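Report on the following structure.
The values are calculated or read from the model by the stated rules, or taken from the named source; none is laboratory data. Model, not experiment: these values are computed from the prediction. No Cβ is skipped: glycine too gets one built from the backbone with ideal geometry, and neighbour counts run over all protein chains shown. Just the protein is used for accessible areas: all its heavy atoms, side chains included, with ligands, DNA and RNA removed. Shrake-Rupley method; radii C 1.70, N 1.55, O 1.52, S 1.80 Å.
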Amino acid sequence: LSASQADMGLAPLRQVLSEEHREAAFTVSNPSDRIMDATVSWTDLAATETGYAPAAPELRAELSAAPWLVVSPAHFRLKPGARQLVTVRVKDGAALPDGERRSHLLIETQASRSAIRKASAGLQVDVSLGLSAPVLLRHGGGKAKAKIANVRLLRDDDGLLMLETAIEPTGDWSSFGRLVVTYTPEGGEKELLGLRENVAGFTDAALRKVTIPFGYVSLSAGELVVRYEGAAEFSGVVFDERAFDIAPPEDG
């Protein structure tokens, strides 16, 4: 798993800590030609249907994992092409709270001067970058469960089919996995129609919307199956599966 934005990379996309797994690491990379000075901190973000938003104070009190965690280093410098390990761990001797908590590791670089060429003139701009990744803290006998909800076939601006659906978390812990869409035409063989990796159903959001483009104008009669498969610590788990009959396209 990896995440990247502009001139900085962060991998993996998430980490999970527990009593049995009290330490993990992220890798920050600098593929640019500039030296980066970075700071590392925690931020608490609430899950929404389509992403994240700053967590309100009342939610932070029951959501944040940061009070139980330590991150190192807090500051570092990356030369062009270099990588830096950032370690997150549970505080020594800390008794973990029951349930699941989440904070986001935040990597921010100081503004750095970068030259942008335009025709024969030179333009200097300051660039600041930031990346974040969730760190989940779990303790106790919770379980991740999720349902596939609100499945619809729509069309994009070019008239091509796409699937819009949502993940509805129903367990004590958040889910994580991939959405796989397959299609079996009448009398034909099953084929992969669409795939979306890194789909999380966080318990602080009632739904997590997902859109998967198909690239087809229409589908012949057959069966479409939407499957939410677990990944990472949930590898091998099938959270939910929905099947739909596709009617033949109307003439004209």
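Candidates are the residues of the range 154-194 that are part of a strand (DSSP E or B) and open to solvent by 80 Å² or more (accessible area, probe 1.4 Å); the one that is modelled with the highest pLDDT is Leu192. Taking the stated definitions as given, is Leu96 surrounded by 20 or more Cβ atoms within 10 Å (Cβ to Cβ), closer than 28 Å to Lys145 by Cβ and out of contact with any Pro (no Cβ under 7 Å at 6 or more places or on another chain)? Answer is no for this residue. Applying the criterion of being in a loop (DSSP other than H, G, I, E, B), more than 30 Å from Arg138 (Cα to Cα) and among the aliphatic types (A, V, I, L, M) to the residues of the range 221-252, the residue that is modelled with the highest pLDDT is Ala221. Within the range 30-57, the residues that satisfy the criterion of being surrounded by fewer than 18 Cβ atoms within 10 Å (Cβ to Cβ) and small (Gly, Ala, Ser) are Ser41, Ala46, Gly51, Ala53, Ala56. Here is a check on your reading of the model: is Arg89 touching an Asp or Glu at 6+ places or on another chain (Cβ under 6 Å) and either part of a strand (DSSP E or B) or open to solvent by 40 Å² or more (accessible area, probe 1.4 Å) (or both)? Considered against the rule, which asks whether it is touching an Asp or Glu at 6+ places or on another chain (Cβ under 6 Å) and either part of a strand (DSSP E or B) or open to solvent by 40 Å² or more (accessible area, probe 1.4 Å) (or both), Arg89 comes out as yes.
Taken together, Val71, Val88, Val125 contain a single residue that is more than 20 Å from the chain's Cα centre (by Cα), among the hydrophobic types (A, V, I, L, M, F, W, C) and modelled with pLDDT of 95 or more, which is Val71. On the given criteria, is Thr27 surrounded by fewer than 18 Cβ atoms within 10 Å (Cβ to Cβ), touching a strand residue (DSSP E or B) at 6+ places or on another chain (Cβ under 7 Å) and at negative phi? Criteria met by Thr27. Take the residues in the range 209-220 that are open to solvent by 40 Å² or more (accessible area, probe 1.4 Å) and in a strand (DSSP E or B); name whichever of them is nearest to Tyr183 (Cα to Cα). Checked the range 209-220; the qualifying residue nearest to Tyr183 (Cα to Cα) is Pro213. For Asp33, the conditions (1) under 14 Å from Leu137 (Cα atoms); (2) not in a strand (DSSP E or B) are fulfilled apart from (1). Among the residues of this structure, Leu163 counts as one that is touching a Pro at 6+ places or on another chain (Cβ under 9 Å) and more than 17 Å from Ala47 (Cβ to Cβ). Looking only at the range 13-30, how many residues end up being within 12 Å of the chain's Cα centre (by Cα) and either of a type in the set (Phe, Trp, Tyr) or at pLDDT 95 or above (or both)? Total satisfying the criteria: 2.
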